[in-house]
Amino acid sequence: MFEKIVETINNTGKVVGEKTKQGSEVVKANIKISSEERALNELYTEIGKTYYENNRENPCCDTMKELFEMADEKKAVISNLKQQLRAIKGVSVCGNCGAECPIENDFCGKCGAKIEKPEPPVETPEEEVIDHEDTVEINEEINIEVVDDAKTDDAE
Ligand SMILES: [Zn+2]
């Protein structure tokens, strides 16, 4: 009777030990899988970014066109938020070297380039931060070159 109990305890111990070993192998495998999945996602991001940058002007299909436009919107929103942040911090960014300088400075403290004063941040996220005159010029060029796409461009 007593021996039987000891045997049962030993067997239980063996099973628990195996389960612990199996458990740690499961954990290890899961860690490896997550790590590889993260690396794959980073690759996807890189592929997507490269594709976006190389094909922004010529999306291969309507789905891509929509995704590109969503990315454009996000970029504009981020750019606007960064401009707001600079306004809060009271700095402007040097167009030459990208250094942040006190807003009252006319010249960059790092490279000495003249600093263009930023326009006040735009309230609505839909508004582009980039110069509107440039945008109009680009649109006109597209309208002249590709007459069929003129309506699509206007709808944007
Ligand atoms: Zn500079």
For Ser92, residues with placed amide H under 5 Å, excluding near neighbours: Cys101, Ile103
FRET E, pair Ser24, Glu46, Förster distance 35 Å, beta-carbon r, rounded to 0.05: 0.60
Phi to ³J(HN,Hα) by Karplus 6.51 cos²θ - 1.76 cosθ + 1.60 over segment 72-87, Hz, x for Gly, Pro: 4, 4, 4, 4, 5, 5, 4, 4, 5, 4, 5, 5, 5, 4, 4, 5
Taking all pairs of distinct alpha-carbon atoms in segment 1-51, Kirkwood radius in angstrom: 14.2 Å
Violating pairs (Cα-Cα greater than 29 angstrom) within the set Lys28/Lys82; Lys82/Lys110; Lys49/Lys82: Lys28/Lys82
Extension gain from Ala87 to Glu3, taking 0.36 nm per residue of separation minus the Cα-Cα distance: 22.2 nm
Reach of Lys21 by Cα under 20 Å, taken over lysines that are not fewer than 8 positions away in the same chain: Lys32
Chain lengthening between Val77 and Ala39 when straightened (0.36 nm per residue, less Cα-Cα): 10.9 nm
Rounded to whole Hz, the Karplus (6.51, -1.76, 1.60) HN-Hα couplings of segment 20-35, x for glycine and proline: 5, 4, 4, x, 5, 5, 4, 4, 4, 4, 5, 4, 4, 4, 4, 5
Efficiency of FRET from Cβ geometry, Asn96 and Lys65, R₀ 30 Å, rounded to 0.05: 0.30
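FYI, it's all coordinate maths here, none of it is from the lab. Treat the numbers as computed from the prediction; the structure is a model and nothing was measured. Positions of Cβ are backbone-derived with ideal geometry, glycine not excepted, and every protein chain shown enters the neighbour counts.
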